[in-house]
Amino acid sequence: MAERLAGGGSEQEDALSTVDRLVESAPCGLLTTTTDGSVLLVNETLLRWLGRAREDLVGRPFEELLTTAGRLFYQTRYLPVLRLRGEVREAALTLRTADGGELPVLASSVLGGGAEGEAVFVALFDATGRRNYERELLAARREADRSERRVRVLQEASVSFDGCETEGALALALAEVARTAAEAASSAVFVLDGAVLRRVAGDSPLGDAPDGGPEAEAARASVPVTVDGPSDADRYAGLAERLSAGRAEAMSAVPILAEGEPLGVVSCYFGRARGVDGDALELQAALARQAGQVLRRIRLQDRLRHSSLHDPLTELPNRAHLQSRLTEALESSAKTRRPLALLFVDLDGFKAINDRLGHAGGDAVLAQVAERLRRLVRRGDTVARFGGDEFAIVCVEADAAAAVRVADRVREAMREPLRGVPGGYPLTASIGVALHEPHGEVVSASDLVLAADGAMYRSKSEGRDRSVVVRA
């Protein structure tokens with residue numbers, strides 16, 4: 001390696017011998033090449049790294065020791081810089097070992113004079129540890145990016161979901177955030193209606209009520225279900241064809257759970273076959289869990305709102321709901337200039353039935369009456385339980401003749417036999433009708449109720465089982 005000088009004493013020879021040993025066993029690979037890249041000299045360290053004999057390398061082009069990618073870099077970047085600047089610092093190259101393995105190195109080269117004229121002196125440092133570190137660092141950075149994206153998606157979803165007051169609004173928000181997070185072609189949200197899934201938001205190539213497919217399995221088993229492509233879809237009858245018709249090949253279905261109870265499913269559909277990785281599936285599941293908690297809260301609020309506005313026995317609107325509905329109807333009547341009628345219904349003979357059958361029997365009779373009233377009214381009308389055995393019917397856009405026709409149908413229906421009531425306990429209805437025509441003085445809901453109630457008492461005093469009409 002070291003250039004031998006002619007002559008000289010033993011001290012000089014010993015010094016050169018020490019330099020040779022140092023070069024041969026240096027902790028880095030050393031070699032010298034011609035300016036066109038042919039190997040002239042190589043140290044023992046590099047031979048050991050590569051698992052090659054010295055005669056295999058000397059006279060061989062250096063670039064033949066490189067991988068394909070390393071050779072491309074050597075030709076397009078390494079050599080031009082060396083020729084332009086006369087040196088290269090820490091160029092990343094990959095050598096091929098004798099057993100077919102790869103050895104990443106950092107190459108520093110300098111163009112200088114040698115015994116045979118101009119040559120290139122190269123030092124190669126093993127970069128295996130550095131590359132592994134860089135790979136670990138890159139993996140950690142990617143994981144951090146994924147975690148940051150996941151947190152950001154969940155935070156944005158939380159804000160979006162918490163602002164939803166209805167199931168429909170929540171389903172729309174979930175479908176959109178799931179589609180964006182999964183980078184899917186489309187997405188859909190289904191809710192369980194009994195045992196049947198019903199689509200409430202998004203787009204699905206499988207229709208509005210998928211039956212027996214991945215969505216149904218996800219809801220039934222409360223676990224995520226994935227379909228990676230057409231061949232994987234064959235486990236479900238006709239699924240591949242339905243996906244193809246909707247321009248999709250893969251999908252994922254994740255149950256929407258709250259306290260372990262399945263409430264629905266959120267599905268993502270992909271235009272090409274692909275495996276849904278665990279991170280993406282877990283993010284979809286996390287979104288579904290968030291939505292499940294909000295859906296549970298919305299349903300609880302709906303139940304509370306419903307119970308506050310409905311009679312628990314008959315499920316009819318209660319007095320508070322009647323007041324609100326009547327106010328709305330009066331406002332609409334004022335705008336459309338169409339008449340409005342309120343029917344106040346009191347049951348004749350109910351006290352005797354209640355005394356005979358007891359409170360449970362009386363409640364059963366009231367439930368039957370409520371069901372009959374529901375069937376009798378027109379579309380858009382409202383039946384309410386005012387209290388006790390009194391009911392009210394709001395008839396929109398009804399003049400006196402229309403209101404009397406409804407009242408007559410009610411009276412006829414009340415005369416029909418009742419289940420569980422023995423003979424000798426007839427039931428009839430006394431009805432007061434308050435008619436409002438929006439041409440004169442403005443009336444309130446309370447005014448109309450008082451007028452209808454007064455008319456009902458007139459019908460009872462005039463013999464019962466009849467109706468009396470007053471104008472309000």
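Counting Lys +1, Arg +1, Asp -1, Glu -1, what net charge surrounds Val81 among other residues with beta carbon under 14 Å of its beta carbon? If you can, show how the numbers build up before the last one.
Numbers: positive: Arg77, Arg83, Arg85, Arg89; negative: Glu87, Glu90.
Neighbourhood net charge equals +2.
Is there a quick way to get the dipole size of the stretch 11-126? I mean about its Cα centre, with the Cβ of Lys and Arg at +1 and of Asp and Glu at -1; what is the value in debye to the nearest 20? Spell out each step's value before the answer.
Values: 11 positive and 18 negative charges, 121 e Å.
In total the dipole reaches around 580 debye.
Normalising the average separation of contacting C-alpha pairs (under 8 angstrom, six or more residues apart) by the number of residues puts the relative contact order of the chain at 9 percent. Of the residues Ala157, Ala185, Ala195, the one whose Cα sits farthest towards the positive end of the charge dipole of the stretch 89-229 is Ala157 (charges of +1 on Lys and Arg Cβ, -1 on Asp and Glu Cβ, taken about the Cα centre).
Highest first, please rank the peptides 150-160, 42-52 by the mean number of other Cβ atoms sitting within 10 Å of their residues. Mind showing how you got there, number by number?
Details: 150-160: 14.8, 42-52: 18.7.
So the peptides 150-160, 42-52, ranked by packing, come out 42-52, 150-160.
When the Cα positions of Ala69, Val39, Leu283 are compared along the charge dipole of the chain, Leu283 comes out farthest toward the positive end, with charges on each C-beta of Lys, Arg, Asp and Glu.
Classify the stretch 11-126 from the C-alpha gyration tensor, please: rounded if a/c falls under 1.5, else prolate or oblate depending on whether a/b exceeds b/c. Verdict is oblate for the stretch 11-126. Which residues in the stretch 333-372 place their backbone N less than 16 Å from a point set 7 Å from the Cα of Asp447 along the Cα-to-Cβ direction? Of the residues in the stretch 333-372, 333-335, 337-342 have backbone N under 16 Å from the label point off Asp447. Adding -39500 (n - 2.57) for every DSSP H run of four residues or longer, then dividing by how many residues the chain holds, sets the calculated 222 nm ellipticity at -15000 deg cm²/dmol.
Below 8 Å between Cα atoms, with a sequence gap of 6+, how large is the relative contact order for the stretch 238-394 in percent?
Working: 157 pairs, mean separation 29.2, N = 157.
Rounded, it is 19 percent for the stretch 238-394.
The stretch 313-336 and the stretch 114-186 have Cα centres separated by 56 Å. Extension gain, Ala26-Glu118: 0.36 nm per intervening residue step, less the Cα-Cα distance, totals 30.8 nm. For the pair Gln155 and Ser17, the difference between a 0.36 nm per residue extended length and the Cα-Cα distance amounts to 42.7 nm.
For the pair Asp363 and Arg141, a Förster radius of 51 Å applied to the C-beta separation gives a FRET efficiency near 0.15, rounded to the nearest 0.05. Hydrophobic, long helices, defined as DSSP H runs whose alpha-carbon span along the helix axis is 18 Å or greater and whose mean Kyte-Doolittle value is at least -1.0, occur in the chain at 10-24, 167-182, 278-309, 319-336, 350-376, 400-415, 445-461. Taking a sphere under 14 Å around the Cβ of Arg131 and counting the other residues whose Cβ falls inside, with K and R at +1 and D and E at -1, yields a net charge of -3. For Kirkwood radius over Cα pairs in Å, computed directly from the structure shown, the correct entry in (i) 30.9; (ii) 24.7; (iii) 25.6 is (i). Annotation: the antiparallel percentage among DSSP beta bridges lying fully within the chain is about 95.
Counting every pair of alpha carbons in the stretch 144-306, the share spaced more than 21 Å apart comes to 41 percent. Packing-based ranking of 260-273, 360-373 yields 260-273, 360-373, ordered from highest to lowest mean Cβ neighbour count within 10 Å. In this label model, Arg415 and Glu397 are separated by 3.1 nm, measuring between points 7 Å along each Cα→Cβ vector. Rolling a 1.4 Å probe over the protein heavy atoms of the chain, with every protein chain left in place, gives an accessible area that is 51 percent carbon and sulfur.
For every other residue with a beta carbon closer than 13 angstrom to the beta carbon of Arg247, add +1 if it is Lys or Arg and -1 if Asp or Glu, then tell me the sum. Mind showing how you got there, number by number?
Working: positive: Arg242, Arg272; negative: Asp203, Glu241, Glu249.
Net local charge, Arg247 excluded: -1.
Sequence gap at least 6, Cα distance under 8 Å: using those rules, report the relative contact order of the stretch 319-471 to the nearest whole percent. It rounds to 32 percent for the stretch 319-471.
The values are calculated or read from the model by the stated rules, or taken from the named source; none is laboratory data. Quick caveat, the model's predicted, so the values are computed rather than measured. Quick reminder, even Gly has a Cβ in these numbers, built from the backbone with ideal geometry, and neighbours come from all protein chains shown. Note: accessible area is taken over every heavy atom of the protein model, side chains too, but ligands, DNA and RNA are not part of it. Shrake-Rupley method; radii C 1.70, N 1.55, O 1.52, S 1.80 Å.
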